[in-house]
Amino acid sequence: MKGLIELGLRRLVLCPGSRSGSLATAAGLLASSGQLQLNTAIDERSAAFLALGLATAGGTGVAVVTTSGTAVANLLPAVIEADRSCQPLLVITADRPIRLKACGANQTVNQEHFLRPACRWFGDGAPEGLHAMASPAVLELAALAWSQAHGSNQAVDQAAAGPVHLNLPVEEPIHAALAEHQPLLDAVLAHDEALLFPLRPSTTQSHRDVPRLDPSRPGVVIAGPWRGLSQDLSVYQQAVRAWLVCSGWPLLADPLAALPVDLPGRLHHWDLQLEQLTSPEPLQVLRLGPLPASRRLEVWLQRNAGDQVLITEGEPRYLDPLGLAKQWSGGLAAWCSAQPLDQASRPLSADHSAWLRRDQGLGLWLEKQLVPEGPVSEPALAFQLADLLPPGLPVMLAASSPVRDWLTWSGRAGSNRRCFSFRGASGIDGTLSLAMGLALETGPMLLVTGDLALLHDSNGWLHGQSDGPPLVVLLIDNGGGGIFQQLPIEQDSPQRFDALFAMPQRVNPIALAAAHGVPGRSIAAIDDLPEALSWALAQQGPVLLRVCTDRHADAAFRRKLRLAAQNVEPGV
């Protein structure tokens, strides 16, 4: 454990267990000496998502420690999301020694295989037990785990950040006597020998066979969700700005792209005007990372005959489900440096200027359609919420309707803040725990979630007790899975639709939060949103705001708005 701290580990989430007792003791000693920030959790699935939220916000690896057996299996959903989101997560699991394997010993399973398909790297302690390893070997294992979790980006061996699994067999006796604790801590504190392990391997990559685009010809930039480490974001943002300035291309950015709102050529309502985004010649397309959550954009890209290049930040796996782009994984900054860019600013073409004017017209039109009064609709909630939140307050969006509504309806205000959503695998499990982790690291934050996603991870409320993080949870309660109401699913009755797809649950979310010591309020009309937000943001810990909506009416309202948006006049 001390070796990982020397490498940069600052946070650890600990789950209860006996076989992991020595790891728990080490974590407790290091936390008591101020070398480690320790969080505890009784639910391993929730704990892993909490650690993933912490890692995403902090940009460096966070460890989650569990005992053996089914505890390890519960880590899989978060490990899959960490893999797809390219975030550093260190899974450390205690295991039985080899003598207890394959002989019917209690709580002994083949846990070393549970997570491996989704991990960047797997490391095993000595089969006889961790005690059989010399200190240099333990430190080398820690260094490998840390390095692999934070990724590499080399010409021959590329890898983005992601989850790693350290499986450590522990022999009995498992628990050190109390009298041995202080000498152990003294020995750790006295160890001042430098550990010269690099945080990350070299990030150099060959510029051979770099796919190129011509900034002097028409094109467009499409920025999907940011999937890099937080400390690398500034360089990426600068590279995006440099390309937009030299090319004069418009920008279609997902709110999750973590790009400044004032970038030249940025369209804020592009999802509502894709049918009108035309050009007299095929457009080149620079795609950054995975696709935004827009099926309409996928159709638009398939209709475009121009060259497409997809740049990832070290992610070597192919990220183009459309099969249209040449992919290069060395990162945008390196891609830009591999080709000469004109430093002079290139103006938007006449066609692209028309796109911007139409975008401005859509913004003015939405102000009249999504007014701050009357019953709450989900499009109006996204539009008004983005404008009401304090400047700089980050937002996490559940990976279902909330993230899609924010993309389509929140406009410029929605992109003028850091937005998170875990769409690597796009599961709803772990939503609340992820938000708790983000808020623990970043400070005040808003989570926008649906009722099923919140209920699915209700154990996440356990992270909000006593000194819980300043997290405002805005619950959109539409009586089940509202996303299914927007899909072309035909059933012979509303009751059958609810039974098979929406699956409404008879749970009072305010009472459930209160049972965990979390205060809550319900919002009856959108007029009440400003006062409710003011109250929620003034609380010291987690708080729940519940908004009830009609998923049937909102699905129809979205269709009506999209149809009417096609006839909106351009702005001046």
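The values are calculated or read from the model by the stated rules, or taken from the named source; none is laboratory data. Predicted model, so just to flag it, every value in this text is computed and none were measured. FYI the Cβ positions are ideal-geometry reconstructions off the backbone, even for glycines, and counts take in every protein chain you see. Side chains are part of the model used for accessible areas, which takes the heavy atoms of the whole protein and leaves out ligands, DNA and RNA. Shrake-Rupley method; radii C 1.70, N 1.55, O 1.52, S 1.80 Å.
The lone criterion from (1) modelled with pLDDT of 95 or more; (2) under 23 Å from residue 82 (Cβ atoms); (3) surrounded by 24 or more Cβ atoms within 10 Å (Cβ to Cβ) left unmet by residue 418 is number (3). Show the residue pairs that are 6+ apart or on different chains and have beta-carbon atoms under 8 Å apart, the first residue being within segment 112-133 and closer than 12 Å to residue 91 by Cα and without any contact (Cβ under 8 Å) to a residue 60 or more places away in the chain, the second being open to solvent by 60 Å² or more (accessible area, probe 1.4 Å) and assigned to a strand (DSSP E or B). Qualifying pairs under 8 Å: 112/124.
Pairs are defined by a Cβ separation below 9 Å, a sequence spacing of at least 6 or placement on different chains, a first member in segment 531-544 that is at pLDDT 95 or above, and a second member that is loosely packed, with under 14 Cβ neighbours inside 10 Å and among the β-branched types (Val, Ile, Thr); no pair meets this definition.
What are the residues in segment 380-405 that are within 23 Å of residue 50 (Cβ to Cβ) and buried (at least 23 other Cβ atoms within 10 Å of the Cβ), if any? First the steps, then the outcome.
Going residue by residue through segment 380-405, those that are within 23 Å of residue 50 (Cβ to Cβ) are 393-400, 402-403.
Within segment 380-405, 395, 396, 397, 398, 399, 400, 402, 403 meet the criteria.
Looking only at residues of segment 97-111 that are in contact (Cβ under 8 Å) with a residue 12 or more places away in the chain and in a loop (DSSP other than H, G, I, E, B), we find that the one that is surrounded by the most Cβ atoms within 10 Å (Cβ to Cβ) is 97.
Selection of first residues in segment 213-239 that are under 17 Å from residue 86 (Cα atoms) and of second residues that are among the acidic types (Asp, Glu) and buried (at least 16 other Cβ atoms within 10 Å of the Cβ), restricted to Cβ pairs under 7 Å at least 6 apart or on distinct chains, gives the following pairs, ordered by first then second residue: 223/254; 224/254; 225/254; 227/313; 227/315; 228/313; 232/313; 236/313.
When segment 486-545 is limited to residues that are touching a strand residue (DSSP E or B) at 6+ places or on another chain (Cβ under 9 Å) and of a type in the set (Val, Ile, Thr), the one that is most open to solvent (accessible area, probe 1.4 Å) turns out to be 510.
Candidates 297, 310: the one that is touching a Lys or Arg at 6+ places or on another chain (Cβ under 9 Å), outside any loop (DSSP other than H, G, I, E, B) and of a type in the set (A, V, I, L, M, F, W, C) is 310. For the structure I just gave you, tell me whether residue 227 is part of a loop (DSSP other than H, G, I, E, B) and within 27 Å of residue 148 (Cα to Cα). It is true that residue 227 is part of a loop (DSSP other than H, G, I, E, B) and within 27 Å of residue 148 (Cα to Cα). Put simply, of 345, 353, 329 the only residue that is touching an Asp or Glu at 6+ places or on another chain (Cβ under 7 Å) and either surrounded by fewer than 24 Cβ atoms within 10 Å (Cβ to Cβ) or touching a residue at least 12 places away in the same chain (Cβ under 8 Å) (or both) is 329.
A search for C-beta distances below 7 Å between a residue of segment 367-385 that is more than 15 Å from residue 551 (Cα to Cα) and any residue that is buried (at least 23 other Cβ atoms within 10 Å of the Cβ) and among the aromatic types (Phe, Trp, Tyr), counting only pairs 6+ apart in sequence or on different chains, returns 370/383; 370/409; 383/409.
Looking at this structure, is residue 70 surrounded by fewer than 22 Cβ atoms within 10 Å (Cβ to Cβ) and of a type in the set (Val, Ile, Thr)? So residue 70 fits the description; yes.
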